[in-house]
Amino acid sequence: MPDLRPLLQRQVLLFLAGGVLSALIDIGMMQLLIHVGMAPMLATTIGFASGLLVNFAWHAKVTFSSSVSAANFSRYMCVVAINYGLTLAIVSLALVVLHSALAGKIISLPIVALNSYFLSKRWIYR
């Protein structure tokens, strides 16, 4: 049986790189919009959507070397809906407890990343 560890390590690193790029776009957009006066929840939504587009393209082409299809995009959007709900719930809780949308966003990122990798590998880009 071939040793798949190097491939998996490379894939995990590529996944993380795409996630960091997406997160920077997501958080940067959210913070910019909050800075110009937008409501935190709407800014969170727009930031999330911006990061999501970059994320799908990166993972389809770079991380999983998959073709872009209606099927994998549909599965991706199902995972996005789950992650969107998790993100909003955590940001909402952080606004109440910590008075900070940014803290909620940062707390949500590793949770969403783990969920995304598992579902991407096993379901979206299979």
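The values are calculated or read from the model by the stated rules, or taken from the named source; none is laboratory data. Note that this is a predicted model, so its numbers are computed, not measured. In this analysis, Cβ positions are derived from the backbone assuming ideal geometry, glycine residues included, and neighbour counts consider all displayed protein chains.
Determine whether M1 is modelled with pLDDT under 95 and either over 16 Å from the mean Cα position of the chain (by Cα) or not charged (D, E, K, R) (or both). So M1 passes the test.
Among the residues making up segment 49-107, those that are β-branched (V, I, T) and under 13 Å from I124 (Cα atoms) are T63, V68, V79, V80. State which residue is surrounded by the fewest Cβ atoms within 10 Å (Cβ to Cβ) when the search covers only segment 63-75 and only residues that are at pLDDT below 95 and under 15 Å from the mean Cα position of the chain (by Cα). Result: F73. Checked against (1) touching a residue at least 40 places away in the same chain (Cβ under 8 Å); (2) touching an Asp or Glu at 6+ places or on another chain (Cβ under 8 Å); (3) of a type outside the set (V, I, T); (4) within 18 Å of A17 (Cβ to Cβ), S50 meets all criteria but (1).
When the test is whether a residue is part of a helix (DSSP H, G or I), modelled with pLDDT of 95 or more and surrounded by 13 or more Cβ atoms within 10 Å (Cβ to Cβ), A23 does not pass it. Can you find a residue in segment 73-92 that is out of contact with any helix residue (DSSP H, G or I) (no Cβ under 9 Å at 6 or more places or on another chain) and in a loop (DSSP other than H, G, I, E, B)? Scanning segment 73-92 turns up no residue that is out of contact with any helix residue (DSSP H, G or I) (no Cβ under 9 Å at 6 or more places or on another chain) and in a loop (DSSP other than H, G, I, E, B). Applying the set (1) surrounded by fewer than 19 Cβ atoms within 10 Å (Cβ to Cβ); (2) over 12 Å from the mean Cα position of the chain (by Cα) to L114 leaves exactly one unmet item: (2). Name the residue that is surrounded by the fewest Cβ atoms within 10 Å (Cβ to Cβ), counting only residues in segment 36-47 that are farther than 19 Å from V20 by Cα and not aliphatic (A, V, I, L, M). Per the criteria, the residue is G37. Restricting the first member to segment 101-126 and to residues that are touching a residue at least 60 places away in the same chain (Cβ under 8 Å) and part of a loop (DSSP other than H, G, I, E, B), and the second to residues that are among the aliphatic types (A, V, I, L, M) and surrounded by 17 or more Cβ atoms within 10 Å (Cβ to Cβ), the beta-carbon pairs closer than 8 Å and six or more apart or on different chains are Y125/A60. Taking the listed residues L114, L119, L93, the one that is out of contact with any Ser or Thr (no Cβ under 6 Å at 6 or more places or on another chain) and more than 26 Å from R10 (Cα to Cα) is L93, with no other qualifying.
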